[in-house]
Amino acid sequence: MDNVAKLSKTPKRFSGFALVIMLLLGVLAGFYGATYKDNILDVVANVTGAKNLKHEKVPKEVSDRLNEVYSRLKIYYNGKIDENTLADGAAKGLVSSLGDKYTTYFSKKETAEFKNDLSGSIGDGIGAMISIRNNLPTIVSVLKNNPAIKAGLLKGDVILKINGEDVTKDSLDSVVQKIRGQAGTTVKLEIFRNNEKKEFAITRETINNPSVETKVENGVGVMTISRFDEKTGELAKNAAENLLRQNVKSIVLDLRGNSGGYLTAAEKVAGLWIGDNVAVVEKKANGEEKKDKGTAKDILKDMKTIVLVDGGSASASEIVAGALKDYKKAELIGEKTYGKGSVQSYLDLANGASIKITVAKWFTPVTDKNIDGEGIEPNLVVENTPEDIKQLKDRQLDKALELAK
C-alpha cells in the first residue's frame, strides 16, 4: 500500500479500500497560448516536485485540450487560482476518467492519513470503518471502546449528512475526510437506519485499536482481525501462538467488516494455516501471472477453524478466506463477502503526494476464481438481523462458536 518519483523502492502491494487521487506528471505536454507561456505540466511538476521525471509521450488531443482549459482559466477566471489545488484537481479528474474506483491519487495531506491507517496508527476520529455500499457511505464496523460505538452508531448505518452537509453522493475519501478531525472536536452525523433518520453528535478521540485481538470462550479461541496493516502479520502470529499456549481446541477467525489492506499481511495470516502454499494468484491483462505464497509457519494447519465473513469483508480479507476455503482449512460462516478481486500497487510521489494503481486481478489458489463483483459464498449463511444488532446480539458468532466446539 513507494517511490515513483525516485524509483528507489519496490512498490508495495495493496489489496483494499482507500482514500484517493493521482499523478499528472507525464500526461500533459507543452502549450503556448494567448499572452501566456504557462504549461499545466509545469504547474503539476512544481506541485509534485517531479520536474526531472521522464514523461510518457502524451497524445496531442489530450495535451491540447487540457492546456487550452488551463490557459482560459488563467486569462478569464475572476478570482485567485491556487496552483496546488489546481494540480490536485487535475490529477483527480485524470484518474477518475479511468472509471476504476480503486485507482486513486492522494494529495500530500491524504497520503499522510492513508499511511497512518496502514501503519497501524489510525489517528484521530470516531472509530468506525466506512465503505460505499449500494452507492451510499455506510458504516461496515465500529471499533469497540471508541466514540462511534459509545455514541450508538451501528454496523449498517447509512451516512446521509456530516455537519449538516449532504454526503450521499460524495466519494469515500471525501466522507472520511469530513468525519476525521482533531481529538476533542465534535462531528454531527445524520444516519439512516431501519427506515428512519437519526442524528448523532460525536466527540472525536485518538483511536488506539490494534488490528488483531483475541479472546477465549469455552475453549474456543476467537481471533478478530479488523484490517491488514503493517503490524497485522506479526500480531496474528503472536495471537496464534498465545491461543495455542492456552490449549484452545478450535479457532474462530473473525474477518467481518474488514475491508482489506496490505497483500503481504494477508499472505502472512493465510500462512498460519497453509504454510508456503500459494495463497493467491495475480493475473495481468498481458497474460503475466504471479503466484503469491503464504509467508508464515503453518502452526494452525491442524486446528479446526471457522471463518466469519460478511458484506464488509473485502479484498485482503477475501484472499485469506478464499485460500482457507480452497485448501479446506476452514469453513466460512456468515454472509457473502464484498467482492473485490483486484490488486493495487502504492507509489510515493516526490512532493508528498501518492498514487494507488490497479495492477492485476487476483484469483483463488485452487479453484482459480476471480471474485470481483461476486464475492465469496460462505459454507453456511447466517445473518444478523437489524433487531439482533439493536439488541447487541451476534447470531453469527454464536453459530461459529457452536460449530467450533
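Read-outs throughout are calculated quantities, based only on the coordinates presented, and are distinct from any laboratory measurement. Everything numeric here is computed off the predicted structure, so don't read it as measured data. Note that each Cβ is placed from the backbone with ideal geometry, even for glycine, and that neighbours are counted across all protein chains shown.
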Report summary line: TYR77 and ALA151 label points (each 7 Å along its Cα→Cβ direction) are spaced in nm at 3.4 nm
Query raised in the report: What is the list of residues in region 136-173 whose amide nitrogen lies under 19 Å from a point 7 angstrom out from the Cα of THR203, following Cα to Cβ?
Result: 143-153, 163
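Output the pairs from LYS74/LYS356; LYS231/LYS369; LYS304/LYS340; LYS290/LYS369; LYS92/LYS178; LYS155/LYS249 with a Cα-Cα distance over 25 Å in this structure; if there are none, say none.
From the list (LYS74/LYS356; LYS231/LYS369; LYS304/LYS340; LYS290/LYS369; LYS92/LYS178; LYS155/LYS249), the Cα-Cα distance tops 25 Å for LYS74/LYS356; LYS231/LYS369; LYS304/LYS340; LYS155/LYS249.
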Query raised in the report: Summing +1 for each Lys or Arg and -1 for each Asp or Glu, what net charge is found among the other residues whose Cβ lies under 9 Å from the Cβ of VAL140?
Result: +2
Query raised in the report: Just how large is the dipole of region 212-404 about the Cα centre, in debye to the nearest 20, putting +1 at every Lys and Arg Cβ and -1 at every Asp and Glu Cβ?
Result: 300 debye
Query - Cβ-based exposure ranking for ARG256, ARG245, ARG204, ARG395, in which fewest neighbours within 10 Å come first - result: ARG245, ARG395, ARG204, ARG256
Query raised in the report: Are there trypsin sites (Lys or Arg not before Pro) in region 131-201 that DSSP puts in a loop and that have at most 14 other Cβ atoms within 10 Å, and which ones?
Result: LYS144, LYS169
Report summary line: Expressed in angstrom and rounded, the centroid-to-centroid distance over alpha carbons for region 218-242 and region 385-405 is 20 Å
Query raised in the report: Mind checking which aspartates and glutamates have their C-alpha under 20 Å from LYS405, skipping anything on the same chain fewer than 8 residues away?
Result: GLU217, GLU241, ASP254, ASP302, GLU331, ASP394
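Around ALA279, under 10 Å between beta carbons, what's the net of Lys plus Arg minus Asp minus Glu among the other residues?
In short, -1.
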